[in-house]
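Accompanying notes for the structure given below.
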Amino acid sequence: MVDLPQKKVGIIACSGEEIPEGTISRVAARKVLDCLMPGETVTLCLPLFLAGDEKERAFAKSYPTIAVDGCGKLCAKRATEKYSGAVSGSIVVDKFLEERDLSPGSSRRALDEEGQQAVTVVAEEIAQQVAHLLGSRSDTQRAPQPSDATAGGATCCGGPTIPITRVKIGGASVGLLALEPVFEQMYQQGHRDGAGVDEEILKAVRVYNFVPTSVEQSYKETLLKQYQKFCRDREG
């Protein structure tokens with residue numbers, strides 16, 4: 001984590017890719033971070049958390065953390081409670097949507113209209129839990145005005161909130177969510193060139209993106225090159 005102020009709530013979201021609810025969990029978490037509760041929340045990377053990242057686990061030990069799980073396996077909640085202690089809030093997306101007679105949609109890769117609606121409802125619930133934990137106002141809608149909109153991001157609340165980076169992988173142009181924030185997090189955590197860095201990048205990128213198993217190696221090679229360029233640019 002980078003220069004976190006004292007009053008923050010962590011959100012640790014499902015990293016599963018086999019069901020739409022996993023994608024809904026991650027996109028909803030980003031919507032809260034970027035749009036509904038900016039400055040009051042931070043997302044924790046579940047793959048890094050499980051891999052033993054000390055900063056991720058230390059944050060969840062010291063700050064209130066909400067687990068957002070796609071299904072009843074409760075991977076995010078159980079990992080947090082195993083390594084850092086009890087969570088302060090929990091949402092199980094498939095059960096949450098079922099109780100409200102909402103559909104997660106039919107696509108696990110690119111959310112359809114029903115999936116986007118589910119993201120909105122889940123994000124609002126997360127934001128309400130954050131507001132309760134912080135003792136802040138119940139009005140969680142901190143939407144940027146339409147005039148703030150710029151190109152290059154997935155939109156919510158009338159403006160771009162999740163940055164999208166176009167990368168050519170295996171001859172195809174692929175739009176990746178939150179690639180620059182992932183690189184920034186890894187850079188701040190001290191990850192540089194070396195064995196296993198490509199695996200760590202892929203794990204982190206998969207938190208927000210679907211990566212087909214058949215092209216994992218192409219993703220790793222391309223993302224590593226992109227990250228190396230990012231590091232060079234940061235270091236001047």
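Given the Cα-Cα distance of residue 214 and residue 114 and 0.36 nm per residue of separation, how much length would full extension add, in nm?
33.2 nm
Taking H as built 1.01 Å from N, whose amide H comes closer than 5 Å to the amide H of residue 44, not counting residues under 5 places away?
Amide H neighbours of residue 44, under 5 Å, 5+ apart: 11, 12, 13.
Over segment 43-137, consider all pairs of different Cα atoms and compute the Kirkwood hydrodynamic radius from their mean reciprocal separation; express it in Å, one decimal.
Roughly 14.3 Å, rounded to one decimal.
What are the ³J(HN,Hα) couplings of segment 38-48, residue after residue, when phi is run through the Karplus curve with 6.51, -1.76, 1.60 and θ = phi - 60°? Round to Hz, x for glycine and proline.
Per residue, the Karplus-derived 3J(HN,Hα) values read x, x, 10, 9, 9, 8, 9, 8, 4, x, 5 Hz.
Report, in listed order, any pair from 8/77; 73/220; 61/95; 8/225 with a Cα-Cα distance greater than 22 Å.
Among 8/77; 73/220; 61/95; 8/225, the Cα-Cα distance tops 22 Å for 73/220; 61/95; 8/225.
Give a residue-ordered list of calculated ³J(HN,Hα) values for segment 10-23 (Karplus: 6.51 cos²θ - 1.76 cosθ + 1.60, θ = phi - 60°; whole Hz; x for Gly, Pro).
Along segment 10-23, the couplings run x, 10, 10, 10, 3, 10, x, 10, 8, 9, x, 4, x, 5 Hz.
Values quoted throughout were computed directly from the atomic coordinates according to the rules given, and no laboratory measurement underlies them. Model, not experiment: these values are computed from the prediction.
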